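The values are calculated or read from the model by the stated rules, or taken from the named source; none is laboratory data. Since the model is a prediction, treat every value here as computed from it, not as a measurement. Note: ideal-geometry Cβ built from the backbone for every residue, glycine included; neighbour counts use all protein chains shown.
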Ligand SMILES: Nc1ncnc2c1ncn2[C@@H]1O[C@H](COP(=O)(O)OP(=O)(O)OP(=O)(O)O)[C@@H](O)[C@H]1O
Ligand SMILES: [Mg+2]
């Protein structure tokens, strides 16, 4: 016996697909939609990732940096640098805080010494000389003992460009002002204005010899494609093996140099990844569902082929060809769609995307989509495919082909889900860049499916019970149908419920994120920030300002302190953990001794207690109890502080004990002076401190006036113009809200398409029976009623439980990914339930309407 | 002798202890070129017997030899191949592939095994059943009688040693049924094929060289 020609089964497979055009088109459409969504989101995400990477690299000025509070020893540095890949570039940077003085004024400034190559990333822009050429940064600074300063310093000190400034022991000429400095990130706006010097001239200031706290940095530019986290682990291991001060060398990566904005853009990134995953899952469920229906209808043809001498393997092969054709076809369509649409995205979103943002279709995600289309559709349909095993050509001698469900072997059935599990798992680990988070996501999805499955079983059981009790014939028939066609009904229920779950998940998560990202209500955009206001200056300053009709807002005291003990144990600021996960990475950065404390009782609009009770209004010294403090929740998490922890602070050599009474969340973009640690009143009032505050709503000219006024009357007060920075941050947060919302809508849309196609196919499967009922003389209205009851029951329960599970799951995801930012909005939930129910009933109604109108001839024909 | 059945039993397990015995100690010998009709009440096990002969199901015990080969001893793969070469089956419901034309349906069993002249032979078979004009038509464009004739062409195209037919005229009206059965017997006669035919139709049964009645699991 000969083998069939190579493409015989392919040809046959293709013919069958052509013949079942409706199925094929729906399948293609459904899968292509999901894949196109995936490609678009993935590319967008990758572009965003790149953009963020560029941003965070610009903030650090490098890929990675080593910092130390002592000069690097040659030998130590050699040992560490041996671990860098070849062709790594490096540059040195030193910075310290010091006071600078003119004849009548002194200010705190940050002096930063830089040499050539700085910065490796980002562009520093000077007022006169434009963009700084990193090649000859040092020469231009060093030649004439020049300095570049932040413009506000000129204000504060009453200096002009070209004037001279004495720093330590040396006089520098102010050669230029710094207009844009990517390394002055949002988070550092509370710090003193910066002065840039040539690295080589730092020594001449004689400041390096003093006791002052100096930060020595080595910045590195790594060759493309270096495994950053691997390098970090290697370096950290080496550092851990050092003794003494060398063991306190810290590693900074550009990822950790990020700030609030980085964190939020990171959210956006994770969120997009999640949406992309869900697009794939939705498409997969839709595809598997469509395919299941298709395959059941192919059972007879498969039987015929087998009776003509085809082996089971060959029929498998034919169906596999079909899946492969459809999957690859869908992927190709998806690629074409995204090729067409993605170039338009930046045009459409021009207003909203950050400057210099480029959306590129990554070849990687295209290839991946192609593989996902082919392999993914196989994997998703494998559980269904394994039902070919149950096909018995012997049934050809009897009537009801495909009706009978041979009991599937349980372990084999379970095994057929294994590839799906593995695929989903690797996909979500890959998307979330975290083993734990990815596994948790898949775990939650799995648990949801099992739960929904048992609910489905229960609902059908009840439907069976209901069908026995009295009621109209049609009602009983409807319930009996549901119960009898159990596998069909369960899979329909599951598909609908999972669809609802996934539809609801994104908007639900969006709600929480949106709260965090969007502009705070009732908020006064600050223009100027004031630091170092002495207590005795408060009253006159406020008087001066109100004479100008300007208000000083959000006035807060600052008291410097050191954290000595936690629950009686000495606080260890330098932990030696090797960073592995993002979660741990965040923690490391924050273990520091020096803290800014503040005190007040009233929380501001942008603050909210998430755990614990409000602090009492006044500290009672005689009670002997520790003072009450409130911690910012994220800070507390990073430091590992909990409610009830006892912290001992050294406030100017006085030890103060305090107990954590509550944790509060502070909205990041409120632009108010925020403090990690707030004391209750009555504790810190006597400790020497200063005040900070902000002034809002000033136009450019007024800003200048007010600034001058403050500087001339209160020379020690630092004023920083934050208008530009605030504007930039707000713009980005608005963009993010928009992006989040758009994605939420898109996922709803995609989900509804899937729900629609599921419902439609479910009805389609019932048409034969409807026709029969019609031929038997059942009234149209009765048939309609029966179908509607069935689909309403399915829809309501699927919607209800889908939403319920999505709430639990979104809570879990928010907890894992988005630091517990979760908010329930009943509108979304209710909307989903009503939406899914009415969609399934509506689709059922439309489809039956058509059948009932058509002649029963089709029935006789088939 | 082309077919030899000895002590054939077939039962379907019902519950753990209970089973339906459909065929009990069945014996039958059929010579090459014979035409045998099997009649019997509904539920007597006629289709069950055919499905065993076609190798689509396995007997519970006993021996079933086709062309001297024991069917129950064959592996699934071997059996499939044996069926493809030796057994033609005609069903009551025709069972044509809906998306293939008449010609494609007929050539399917040949093409599946890469016969070079499959189209040629399929055309011949269609000619034999008198449907050469309809080769481009799809099953839904054919009448019941025509569909069954296509099915017959598909069964004989492989030149089987034995032709199994389960109620081939059961879905057709009388006149058409007669036409189709005429065709079937003509073909069997000219080609010398062996035919085993299951029917309720006594007239049809009487056209066979031998009639057997299946009752209580055995031939009476
Ligand atoms: N898979 C099965 N499981 C259980 N019982 C079966 C199975 N297949 C057939 N039977 C039983 O075997 C008996 C014979 O069935 P079969 O289909 O062979 O009858 P038949 O003679 O072809 O009837 P008809 O003339 O109505 O086609 C019937 O009682 C039937 O219920
Ligand atoms: Mg029968």
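Structure values in brief
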item	result
Pairs with Cβ under 8 Å, 6+ apart, first in segment A:390-402 and more than 8 Å from chain B (Cβ to nearest Cβ) and within 15 Å of ligand 2 (Cβ to nearest atom), second in a helix (DSSP H, G or I) and at pLDDT 60 or above	A:395/A:303; A:401/A:299; A:401/A:300; A:401/A:303; A:401/A:395
Residues within segment B:26-38 that are within 16 Å of ligand 1 (Cβ to nearest atom) and surrounded by fewer than 22 Cβ atoms within 10 Å (Cβ to Cβ), tallied	2
Residue A:296 vs. criteria more than 14 Å from chain B (Cβ to nearest Cβ) and either modelled with pLDDT of 85 or more or within 30 Å of residue B:75 (Cα to Cα) (or both)	yes
Check on residue B:127, away from ligand 2 (no atom under 16 Å from the Cβ), more than 14 Å from chain A (Cβ to nearest Cβ), modelled with pLDDT of 90 or more and buried (at least 24 other Cβ atoms within 10 Å of the Cβ)	no
Test: residue B:154 is within 14 Å of another protein chain (Cβ to nearest Cβ) and surrounded by fewer than 16 Cβ atoms within 10 Å (Cβ to Cβ)	no
Some residue of segment A:392-410 being more than 16 Å from ligand 1 (Cβ to nearest atom), modelled with pLDDT of 65 or more, under 37 Å from the mean Cα position of the chain (by Cα) and surrounded by fewer than 19 Cβ atoms within 10 Å (Cβ to Cβ)	no
Evaluation of residue B:143 against (1) within 14 Å of another protein chain (Cβ to nearest Cβ); (2) within 13 Å of the chain's Cα centre (by Cα); (3) away from ligand 2 (no atom under 16 Å from the Cβ) (one fails), failing number	(2)
Test for residue A:454: is it within 33 Å of the chain's Cα centre (by Cα), modelled with pLDDT of 80 or more and either surrounded by fewer than 17 Cβ atoms within 10 Å (Cβ to Cβ) or part of a helix (DSSP H, G or I) (or both)	yes
Residue list for segment B:165-208, restricted to those being within 14 Å of ligand 1 (Cβ to nearest atom) and under 16 Å from residue B:155 (Cα atoms)	B:165, B:166, B:167, B:168, B:169, B:196, B:197, B:198
Failed condition for residue B:82, given (1) surrounded by fewer than 18 Cβ atoms within 10 Å (Cβ to Cβ); (2) away from ligand 2 (no atom under 16 Å from the Cβ); (3) farther than 21 Å from residue B:208 by Cβ	(1)
Members of segment B:33-57 found to be more than 12 Å from chain A (Cβ to nearest Cβ) and under 15 Å from the mean Cα position of the chain (by Cα), listed by number	B:33, B:34, B:35, B:36, B:37, B:38, B:39
Residue under evaluation residue B:47, criteria (1) modelled with pLDDT under 85; (2) farther than 19 Å from residue B:158 by Cα; (3) within 16 Å of ligand 1 (Cβ to nearest atom), criterion not met	(1)
Enumeration of residues in segment A:211-267 that are on the phi > 0 side of the Ramachandran plot and either buried (at least 20 other Cβ atoms within 10 Å of the Cβ) or modelled with pLDDT under 80 (or both)	A:244
Tally of residues being within 11 Å of ligand 2 (Cβ to nearest atom) and not in a loop (DSSP other than H, G, I, E, B) across segment B:36-73	8
Single unsatisfied condition, residue B:119 versus (1) within 10 Å of chain A (Cβ to nearest Cβ); (2) within 23 Å of residue A:13 (Cα to Cα)	(1)
Residue within segment B:95-104 that is at the interface with another protein chain (Cβ under 8 Å from one of its Cβ atoms), touching a strand residue (DSSP E or B) at 6+ places or on another chain (Cβ under 6 Å), within 16 Å of ligand 2 (Cβ to nearest atom) and within 28 Å of residue A:390 (Cα to Cα) present	no
Set A:370, A:385, A:366: member being farther than 20 Å from residue A:16 by Cβ, at pLDDT below 85 and more than 14 Å from chain B (Cβ to nearest Cβ)	A:366
Some residue of segment B:2-11 being within 10 Å of ligand 1 (Cβ to nearest atom), away from every other protein chain (no Cβ under 11 Å) and touching a residue at least 40 places away in the same chain (Cβ under 8 Å)	yes
Top-ranked residue in segment B:195-211 [being crowded, with 21+ Cβ neighbours inside 10 Å and away from every other protein chain (no Cβ under 14 Å); ranked as nearest to ligand 2 (Cβ to nearest atom)]	B:204
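The rows are residues; the columns are (1) within 12 Å of chain A (Cβ to nearest Cβ); (2) under 20 Å from the mean Cα position of the chain (by Cα).
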| residue | (1), (2) |
| --- | --- |
| B:62 | no, no |
| B:71 | no, yes |
| B:74 | no, yes |
| B:92 | yes, yes |
